[in-house]
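The values are calculated or read from the model by the stated rules, or taken from the named source; none is laboratory data. Small disclaimer: the values here were computed from a predicted structure and weren't measured. Here the Cβ positions follow ideal geometry from the backbone for every residue, glycine too, while neighbour counts run over all protein chains shown.
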């Protein structure tokens with residue numbers, strides 16, 4: 001009997017390394033040779049190809065791939081009919097959604113989408129931008145931008161529709177955001193026929209669970225400590241709210257207990273000294289790969 005294979009597309013380019021790291025935390029080791037588009041995974045049931053995120057949904061829709069990871073923006077741009085398995089809240093620079101925005105030079109007279117009537121706009125997101133203008137009853141010329149979109153205003157075009165995570169690149173190029181078209185997050189998508197296949201669906205659901213768990217673990221750490229019964233109330237008062245209440249276990253040494261909790265990493269520097277002052281000892285902080293609710 002031939003081995004069952006899941007054909008999976010992963011994004012090449014800005015999302016590649018963060019995607020590989022996410023899969024590593026989920027338990028999948030993926031490696032790729034330089035200039036290769038076919039990574040190797042330590043799971044023999046995965047056949048992986050690297051593609052531009054902009055193209056991914058088209059190949060998943062037509063069945064060339066069983067599943068893939070791409071942005072919601074490119075699903076909209078391609079008007080692809082695919083099954084969205086789960087939203088994966090990560091991007092190349094942060095865990096926040098990206099925004100597609102209408103931007104103009106700081107001194108531009110354009111104050112809203114209505115002011116784009118008869119203007120020229122550059123963007124990578126041509127189809128979605130045209131739909132956006134049509135929804136607002138605006139007729140304007142929308143041209144495809146091959147990159148470096150920010151530098152095209154005002155000499156070449158009147159406005160741009162571009163993607164941003166922090167807005168820093170737009171500000172650096174002295175551009176002003178007029179409106180946000182929509183926010184976009186990374187999606188794990190599947191071909192409808194693949195999703196109907198029992199084996200592929202089970203495989204995809206397991207991968208989705210582990211990827212989601214890896215994202216949930218981002219920014220969180222585990223804390224372990226030992227506490228005397230006499231100090232327990234004082235320690236619990238400074239214990240931060242975690243995913244659940246602290247786990248308390250009795251130690252062999254009479255009168256002592258072990259506490260364990262998962263908390264946001266950003267508060268650890270504040271609470272560890274407080275826990276120590278309250279009587280906790282042997283405090284250990286450890287990193288997490290996955291948190292499954």
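Which ranges mark the helices (runs of 4 or more DSSP H) fully within segment 131-242 that have 3 or more residues being over 30 Å from residue 20 (Cβ atoms)? Working first, answer last.
Values: elements: 168-172, 192-196, 198-217, 232-238.
Counting at least 3 such residues, we get 232-238.
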Q: Can you tell me which residue among 17, 111 is at pLDDT 95 or above and either surrounded by fewer than 20 Cβ atoms within 10 Å (Cβ to Cβ) or not in a strand (DSSP E or B) (or both)?
A: 111
(Q) Being assigned to a strand (DSSP E or B), in contact (Cβ under 8 Å) with a residue 40 or more places away in the chain and assigned by TED's automatic domain parsing to the domain that holds residue 64 is the requirement here; does residue 10 meet it? (A) yes
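Would you pick out the residues in segment 26-37 that are modelled with pLDDT under 95 and either closer than 17 Å to residue 69 by Cβ or touching a helix residue (DSSP H, G or I) at 6+ places or on another chain (Cβ under 9 Å) (or both)?
First, the residues of segment 26-37 that are modelled with pLDDT under 95: 31-37.
Of everything in segment 26-37, those that are modelled with pLDDT under 95 and either closer than 17 Å to residue 69 by Cβ or touching a helix residue (DSSP H, G or I) at 6+ places or on another chain (Cβ under 9 Å) (or both) turn out to be 31, 32, 37.
Can you confirm whether residue 59 is assigned to a loop (DSSP other than H, G, I, E, B), farther than 16 Å from residue 180 by Cα and touching a strand residue (DSSP E or B) at 6+ places or on another chain (Cβ under 8 Å)? So that I can check it myself, show each step before the final result.
On the way: assigned to a loop (DSSP other than H, G, I, E, B): no; farther than 16 Å from residue 180 by Cα: yes; touching a strand residue (DSSP E or B) at 6+ places or on another chain (Cβ under 8 Å): yes.
No: the conditions fail for residue 59.
Check segment 30-53 and report whether any residue there is assigned to a helix (DSSP H, G or I) and in contact with a strand residue (DSSP E or B) (Cβ under 9 Å, 6 or more places away or on another chain). Write out each step before concluding.
Filtering segment 30-53 down to residues assigned to a helix (DSSP H, G or I) leaves 53.
Of the ones still in play, those that are also in contact with a strand residue (DSSP E or B) (Cβ under 9 Å, 6 or more places away or on another chain) are 53.
The answer is yes, given that some residue of segment 30-53 is assigned to a helix (DSSP H, G or I) and in contact with a strand residue (DSSP E or B) (Cβ under 9 Å, 6 or more places away or on another chain).
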Q: Check whether at least one residue in segment 65-75 is touching a residue at least 40 places away in the same chain (Cβ under 8 Å), in a loop (DSSP other than H, G, I, E, B) and under 30 Å from residue 4 (Cα atoms), and report yes or no.
A: yes
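Condition (residue is under 26 Å from residue 3 (Cβ atoms), touching a residue at least 12 places away in the same chain (Cβ under 8 Å) and surrounded by 13 or more Cβ atoms within 10 Å (Cβ to Cβ)) applied to segment 180-189: is it met by at least one residue? Show your work before the answer.
So the first thing to find is which residues in segment 180-189 are under 26 Å from residue 3 (Cβ atoms), and the list is 188-189.
Filter once more, keeping what is touching a residue at least 12 places away in the same chain (Cβ under 8 Å): 188-189.
Right, trim to surrounded by 13 or more Cβ atoms within 10 Å (Cβ to Cβ) and you get 188-189.
Within segment 180-189, one or more residues are under 26 Å from residue 3 (Cβ atoms), touching a residue at least 12 places away in the same chain (Cβ under 8 Å) and surrounded by 13 or more Cβ atoms within 10 Å (Cβ to Cβ).
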Q: Under 7 Å between Cβ atoms, at least 6 apart or on separate chains: pull out the pairs that start in segment 144-161 with a residue that is touching a residue at least 60 places away in the same chain (Cβ under 8 Å) and end on any residue that is buried (at least 21 other Cβ atoms within 10 Å of the Cβ) and assigned to a loop (DSSP other than H, G, I, E, B).
A: 161/125
Q) Is it the case that some residue within segment 194-206 is closer than 30 Å to residue 278 by Cα, out of contact with any helix residue (DSSP H, G or I) (no Cβ under 6 Å at 6 or more places or on another chain), touching a residue at least 24 places away in the same chain (Cβ under 8 Å) and surrounded by 19 or more Cβ atoms within 10 Å (Cβ to Cβ)? A) no
Q.
Among the residues of segment 132-143, what is the count of those that are without any contact (Cβ under 8 Å) to a residue 24 or more places away in the chain and touching a strand residue (DSSP E or B) at 6+ places or on another chain (Cβ under 6 Å)?
A. 3
Q | Identity of the residue in segment 29-59, closer than 21 Å to residue 203 by Cβ, in contact (Cβ under 8 Å) with a residue 40 or more places away in the chain and under 19 Å from the mean Cα position of the chain (by Cα), that ends up surrounded by the most Cβ atoms within 10 Å (Cβ to Cβ) | A | 56
